[in-house]
Amino acid sequence: MKIDRLIGILSILLQKDKITSQELANKFEVSRRTILRDVDALSMAGIPIISEKGQGGGISIMEGYKVDRTVLSSEDMKAILTGLQSLDSVSGTNRYRQLMEKISMDDSAAINVDNHIIVDLSNWDKSAVSDKIELIKAAMEQNAKIAFHYFSQNGENWRKIEPYHLVFQWSDWYVWGYCTKREEYRMFKLMRMTELTLTDEKNSDRIVPEYICKKQWDNIGGIEAVVKFDDSVKWRIIDEFGADFLKYNEKGEMIVTITRSSIPALFQYVLSFGDKAEIIAPMEYRQNFAKFLKKMQKKYEM
C-alpha cells in the first residue's frame, strides 16, 4: 500500500543521512520511478526533502529537521514490532513485519532477539474476520460505503454504513460508522456480518464526530441485577471484571452487581454459569428468570 511505503521512506530518511532512489526501490520492491513519485508526494506534504544528483548524491532530509535517531531505542523498536506483529495475527500475512524490517536501517534481526511479548488478536477462525478487515480498510481508503447482512439480538436485517474506524474491543473486532438505516453512528461486530460487500456509493460529506469507547452494555435501557456466584467460578468473575469487583455478603457469599443491555441479555449471561449463578435481586427479574427456566424445561420433558 502506498501509505505504508511513504511512512517507510520517511522513517528511513529520518534514520539515515542519505540514500539513493535505487536503494529505496530495491528495499520496497518497486521501480525507481515509483520511489521518485513517492518522494515528490512527501515534498508536497511539507517534508523538506533534498535530492542531489551525480556521484555521491542521493535523497535526504534537510539538516535540522531530523530527529535524533537515538529517540527510538531497541526497546522502542521491539514495542513497535510487537504492535505490528499483532496486526499480522489478524491479516494472516507478514506485511506489517516486513514493513518494520524495511524501515529499520540497523540489523533487523537485532529487533527480534529477546522479544518475549506476543500479541495475537486473531480469533479461532482467523479467516472469518481477516477478509472483512481488508475489505473495510479498502472501503475507508476509497471513502465508500459497505453493505452487509447483520445478526443481532433484535433480529437480522440488511445494513449499509459509512465505515470510519476498525475497532478491536472486548476481545472482538468491530467497525464503527454512520448507519444509513438508523441515521446515526453505530458499532457492528464483524463476526455477525455475512455477505459483506464494498459498494460504489461514496460517503456523504459530513463532519464525523470523535469515536468514544463505551462498554458493550453501556447504553440506553441498560438494567442491573444482583447475582450470587459459587466460589468455583470466581476465576471467571476476576477474568471478566477484575479482583476489585468481588464483593461478599455477611454469609461470605460472592455477590456481584451485573449490568446488561436488556433482560434477555442478563438471562443469557446468568445461564452461561449453569447452576453456579443465582439472581438475587430485583425480585421481578428473579421471578421472570424462574418462569424462563420452567419454559425451557418443558422443551426437554419426555
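Every number here is computed from the coordinates shown, using simple stated rules; none is lab data. Every value quoted in this text rests on a predicted model; they were computed, and no experiment measured them. Here Cβ is always computed from backbone atoms with ideal geometry, including for glycine, and neighbour counts include all displayed protein chains.
Results, tabulated for the structure shown:
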item: Projected label distance in nm at GLU301 and GLN22, using a 7 Å step from Cα toward the beta-carbon; result: 8.7 nm
item: Cα-Cα P(r), segment 2-69, percent of pairs per 5 Å interval; result: 4, 17, 33, 28, 15, 4
item: Along principal axes, Cα extents of segment 127-202, largest first, whole Å; result: 30, 26, 20
item: Kirkwood hydrodynamic radius over Cα pairs of segment 223-298, then Stokes diffusion coefficient at 10 °C and 1.306 mPa s, in µm²/s; result: 124 µm²/s
item: Filter on LYS181/LYS202; LYS276/LYS298; LYS234/LYS294; LYS160/LYS202; LYS276/LYS299; LYS27/LYS132 - keep pairs with C-alpha separation over 19 Å; result: LYS276/LYS298; LYS234/LYS294; LYS276/LYS299; LYS27/LYS132
